[in-house]
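Worksheet: one structure, shown below.
Laboratory data are not the source of any read-out in this text; all were calculated from the coordinates shown. Given the structure is predicted, the values throughout are model-derived calculations rather than measurements. Please note: Cβ atoms are built from the backbone with ideal geometry, for glycine as well, and neighbour counts cover all protein chains shown.
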Amino acid sequence: MKKIIYLIAIVLISSPAFSQKVDFSGDWKINKEKSELGYEFSMAPNQIILKQAKNSLDIERHSSYEGQDFTFNDHFTLDGEECENPGWMDSIKKSTASWTEDKKGLKITSTVPMQDGGEFTITEELVMNEDNLVISTSASSSYGDMSEKFVFDKQ
């Protein structure tokens, strides 16, 4: 009897209902009060639109800097394979996106070449936290390191 109960428990835990990947899709607006932004400069977009399919994620980021509005679009496969998207000043940003072990979060690591021959590395971790999307980001280059936490409210 114990073996049957054990077998049923394993089947239930490994079923899709328990290992379901989170769906980040939606229109999200930054909540600056809940976020932890950089003091002098922040990479936080004002709004992001996420479209998630079975094995891909499209991110549309709406930002503004010194009175100008910018939109950045990225397409990622969610299988850990390298993806290429437009980077800074006609460069190519190379990224990998993979699920966390519990399938509740997504980690995206990107590198962008810099004009001085170095690289700019960005790591983003996306997780759902109650009613919010939380993106913890860290960036590293020859100019230094920075980290921020963006909290977005669904629109």
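General remarks:
- Eligible lysines near LYS34 by straight Cα distance, threshold 17 Å, same-chain separation 8 or greater: LYS149, LYS154
- Shown in residue order for the range 82-95 are the 3J(HN,Hα) couplings computed by the Karplus curve 6.51 cos²θ - 1.76 cosθ + 1.60 at θ = phi - 60°: 5, 10, 10, 9, x, x, 6, 6, 6, 8, 10, 8, 9, 9 Hz (x for Gly and Pro).
- Against the main long axis of the alpha-carbon atoms of the chain, helix 2-13 sits at an angle near 30°.
- Segment TYR39-SER140, length gained on full extension (0.36 nm per residue, minus Cα span): 34.7 nm
- Highest-MSF residue in the chain out of ASP90, ASP74, ASP145 [GNM, Cα springs under 10 Å]: ASP90
- In a fully extended conformation the segment linking ASP153 and ASP23 would gain 45.3 nm over its present Cα-Cα distance, using 0.36 nm per residue.
- Rounded FRET efficiency, nearest 0.05, which uses the C-beta distance separating ASN46 from GLU130 and R0 of 25 Å: 0.70
- Candidates per GluC sites (Glu not before Pro) in the range 13-91, loop by DSSP, up to 16 other Cβ within 10 Å: GLU33, GLU40, GLU66, GLU81
- Extension gain for the segment PHE72 to ASP102, taken as residue separation times 0.36 nm less the Cα-Cα distance, is 7.9 nm to one decimal.
- If the convex hull is drawn through the Cα atoms of the range 35-96, its volume per residue in Å³: 111 Å³
- Share of Cα-Cα pairs in the chain lying beyond 20 Å, as whole percent: 55 percent
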